[in-house]
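Shown next, in structure tokens, is the structure this report addresses.
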Amino acid sequence: MKIKSLLEQFGKDFGRYNHFVFFSLMFTFNPYLKTMIKATNINKYYGKLQVLKGVDLHIQKGEVVSIVGPSGAGKTTLLQILGTLDTQSNKNDSTLLINEEDVTKLSDNAMAKFRNCHIGFIFQFHQLLPEFTALENVCIPAFIKGTKKEEAEKRAAELLEFLGLSHRLQHKPNELSGGEQQRVAVARALVNNPSVIFADEPSGNLDSESADNLHKLFFDLRDQFGQTFVIVTHNEELANMADRKLTMVDGSITR
Ligand SMILES: Nc1ncnc2c1ncn2[C@@H]1O[C@H](COP(=O)(O)OP(=O)(O)O)[C@@H](O)[C@H]1O
Ligand SMILES: [Mg+2]
């Protein structure tokens, strides 16, 4: 009897609050609403020159965020800090959480491991290793992670196939076009299934057709796999396609 009335009471309460319950559950379990990057008050000095001036940034999982701004504004510096390749000058009064991990607290070894597992980079110049084939280049981060050879090669080949490069697995970088090299670099960035990919002028060195294809690829990866991207670019079209476009001027994000 007691249980029945408790259940009835629960039913009434649930009826009254079900909107609240529904939205709470939606926010808790919707993977797209997870914060992927939380950065607050990021400062960077080179000697007396302050190149980042208290940057705050929140990026959700599955977001494609573009960063634009004049040369020298601090975009690369910011990306390198967000990507743990560099550190802010004010570690103690700033925050940097990536995928809910406080990366400012990690030792150098733990940081390298975290970077290898969670972060992918795509640079303006692909930075593939010239002596290695496309397949081998893509496998390298997986080998560093400790993935078995066959498993790494299978994943790398699948990614290269997804990127339209199945006929180029055994080619070395200098046997590939600029667009193809950059797609190999994208596969390399993806091989460990990273939480977030940082791209610094990824299409800066490509002809407009290859650039368009690369940009389309970013959005396909977001749509199919929920991949998060932070992309510094001078390409207006790419910047405007992003879910959010941030502008950086003189070390600050202005809008
Ligand atoms: N290692 C460094 N030593 C000194 N100054 C640097 C260094 N790296 C970048 N800077 C300076 O910091 C500023 C921002 O550079 P950067 O982040 O590369 O800008 P952006 O990518 O927006 O063009 C520039 O004035 C640049 O000269
Ligand atoms: Mg730059």
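For region 123-255, the equivalent ellipsoid built from the Cα gyration tensor has semi-axes of 26, 16, 13 Å, listed from largest to smallest.
In order along region 209-217, the phi-based Karplus estimate (6.51 cos²θ - 1.76 cosθ + 1.60, θ = phi - 60°) of 3J(HN,Hα) comes to 5, 4, 4, 4, 4, 4, 5, 4, 4 Hz; Gly and Pro are listed as x.
Across region 109-126, rounded Karplus estimates of 3J(HN,Hα) from the backbone phi angles (6.51 cos²θ - 1.76 cosθ + 1.60, θ = phi - 60°) give 5, 5, 5, 4, 5, 4, 4, 4, 8, 10, 10, x, 10, 10, 9, 4, 9, 3 Hz, Gly and Pro being marked x. Measuring gaps between exposed loop sites in the chain (GluC sites (Glu not before Pro); DSSP loop; at most 13 other Cβ atoms within 10 Å), the longest gap, sites not included, is 132-255. Checking the Cα-Cα distances for Lys145/Lys216; Lys91/Lys145; Lys61/Lys245; Lys113/Lys172; Lys34/Lys245 against a 21 Å cut-off, the pairs over it are Lys145/Lys216; Lys91/Lys145; Lys113/Lys172.
Less than 5 angstrom separates the built amide H of Thr247 from those of Val68, Thr254, Arg255, all sequence-distant by 5 or more or on a different chain. Each Lys and Arg adds +1 at its Cβ and each Asp and Glu adds -1 at its Cβ; summed about the Cα centre, the chain shows a dipole of about 1040 debye.
Across region 157-167, coupling constants 3J(HN,Hα) worked out from phi with the 6.51/-1.76/1.60 Karplus curve, θ = phi - 60°, read 5, 5, 5, 5, 5, 4, 8, x, 10, 4, 8 Hz, and Gly and Pro carry x. Note on the chain: Cα-only Rg and Dmax are 21.4, 79 Å.
Taking amide H positions as modeled 1.01 Å from N, with prolines and chain starts lacking one, the residues under 5 Å from Ile197 and 5 or more places away or on another chain are Gly120, Thr228, Phe229, Val230. Annotation: amide H-H contacts under 5 Å for Gln127 (H modelled 1.01 Å from N, sequence separation of 5 or more, or interchain): none.
Each value in this text was obtained by applying a stated rule to the coordinates, not by laboratory testing. Just so it is clear, the model here is predicted, and its values are computed rather than measured. Virtual Cβ from ideal backbone geometry, glycine too; neighbours counted across all protein chains shown.
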